[in-house]
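Visitor: Dropping a structure here in structure tokens format, bear with me for questions.
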Amino acid sequence: MAAPKPNTLAAFQAAKGFMPVDEGLALYDAAADAAALGLPLLEVGTYCGRSTLLIADAAREAAVTAITVDHHRGSEEQQPGWEYHDPEVVDPEVGLMDTLPTFRRTLHRAGLEDHVIAVVGRSPQVARAWGGPLGLVFIDGGHTDEHANGDYEGWAPHLAEGGLLLIHDVFPDPADGGRAPYRVYLRALESGAFTEVSATGSLRVLRRTGAGI
Ligand code: SAH
Ligand code: MG
């Protein structure tokens, strides 16, 4: 299994975010695999850059670019009063969440700024403007059916044959969490365009092996 640089892993562990280490290592391994295609690696759901660091490390290693998309205003469950809210990432001037400054510090500290293009915008809108093929699509954005399906519909068609589709927060058991990402995972498999590669915690790795998304 390909492994991130020790200082990247340390930066990952120190960063704010929602990904445990075992899933992070699986993410890095998948990103290293996908990077061999020589195409950009794309993440939906930057937040403060925790997972971005690992994709960026794999991108650096293969001399490709990591692209990470987020409007930086937070998902539903991260808003004030909700379970995953962090008051440290509120912009006091506008009174809304803004994870972009924290993300930039995370990336800078890890020395990975040159390997990442951060796109600030809504995932479906960015996807509509996107032109080229991708080696990896990592879906870790909004967790409603609308957002998870929008991410899949917007980005999966850009995935090159042999590229990897990763979906985070896949919970087959409703007791573990919301099931929109799980439904998108099933949808991808049912399309016939993907073959499952691995499952680590709530992270699923699928390879694009056919057309018809
Ligand atoms: N990958 C991160 C966690 C992402 S949390 C980590 O490893 O820590 C989910 C993020 O998705 C939030 O930052 C939220 O702002 C973003 N998001 C939710 N819906 C979105 C949408 N439709 N377009 C762009 N970003 C979105
Ligand atoms: Mg997640």
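Visitor: Might you let me know whether the stretch 91-101 holds any residue that is within 28 Å of residue 63 (Cα to Cα) and away from ligand 2 (no atom under 16 Å from the Cβ)? Break it down into steps so the answer makes sense when it comes.
Guide: As a first pass, look at the stretch 91-101 and keep what is within 28 Å of residue 63 (Cα to Cα): 99-101.
Next cut, away from ligand 2 (no atom under 16 Å from the Cβ) only: 100-101.
Yes, there is a match, as at least one residue in the stretch 91-101 is within 28 Å of residue 63 (Cα to Cα) and away from ligand 2 (no atom under 16 Å from the Cβ).
Visitor: Which residues, taken from the stretch 202-213, are in contact with an Asp or Glu (Cβ under 7 Å, 6 or more places away or on another chain), over 16 Å from residue 31 (Cβ atoms) and either among the charged types (D, E, K, R) or open to solvent by 30 Å² or more (accessible area, probe 1.4 Å) (or both)?
Guide: Those that are in contact with an Asp or Glu (Cβ under 7 Å, 6 or more places away or on another chain), over 16 Å from residue 31 (Cβ atoms) and either among the charged types (D, E, K, R) or open to solvent by 30 Å² or more (accessible area, probe 1.4 Å) (or both): none in the stretch 202-213.
Visitor: Please go through the stretch 62-111 and give me each residue that is in contact with a Pro (Cβ under 9 Å, 6 or more places away or on another chain), in contact (Cβ under 8 Å) with a residue 12 or more places away in the chain and assigned to a helix (DSSP H, G or I), ordered by number.
Guide: 89
Visitor: Test residue 80 against the stated conditions and say whether it is surrounded by fewer than 22 Cβ atoms within 10 Å (Cβ to Cβ), more than 9 Å from ligand 1 (Cβ to nearest atom) and at pLDDT below 95. Don't jump to the end; show me each part of the working.
Guide: Details: surrounded by fewer than 22 Cβ atoms within 10 Å (Cβ to Cβ): yes; more than 9 Å from ligand 1 (Cβ to nearest atom): yes; at pLDDT below 95: yes.
When the stated conditions are applied, residue 80 passes them.
Visitor: I've got another one for you. Being farther than 13 Å from residue 4 by Cβ and within 13 Å of ligand 2 (Cβ to nearest atom) is the filter; apply it to the stretch 24-48 and report the residue that is surrounded by the most Cβ atoms within 10 Å (Cβ to Cβ). I'd like the intermediate steps shown before the answer.
Guide: Applying the first criterion (farther than 13 Å from residue 4 by Cβ) to the stretch 24-48 yields 33-34, 36-48.
Imposing the further condition that a residue be within 13 Å of ligand 2 (Cβ to nearest atom) reduces the set to 43-48.
Details: 43: 31, 44: 27, 45: 23, 46: 27, 47: 29, 48: 25.
Among residues in the stretch 24-48 that are farther than 13 Å from residue 4 by Cβ and within 13 Å of ligand 2 (Cβ to nearest atom), the one surrounded by the most Cβ atoms within 10 Å (Cβ to Cβ) is 43.
Visitor: Under the condition of being in contact with a Leu (Cβ under 7 Å, 6 or more places away or on another chain) and open to solvent by 30 Å² or more (accessible area, probe 1.4 Å), which residue from the stretch 115-137 is farthest from ligand 1 (Cβ to nearest atom)? So that I can check it myself, show each step before the final result.
Guide: Residues of the stretch 115-137 that are in contact with a Leu (Cβ under 7 Å, 6 or more places away or on another chain), as a first pass: 116, 120, 133-137.
Checking the rest, the ones that are also open to solvent by 30 Å² or more (accessible area, probe 1.4 Å) come to 120, 133.
On the way: 120: 9, 133: 21 Å.
Checking each candidate, the answer is 133.
The values are calculated or read from the model by the stated rules, or taken from the named source; none is laboratory data. Everything numeric here is computed off the predicted structure, so don't read it as measured data. Ideal geometry is used to build each Cβ from the backbone, glycine not excepted, and the neighbour counts take in all protein chains shown. Please note that ligands, DNA and RNA were not included when accessible areas were found on the heavy atoms of the full protein model with its side chains. Shrake-Rupley method; radii C 1.70, N 1.55, O 1.52, S 1.80 Å.
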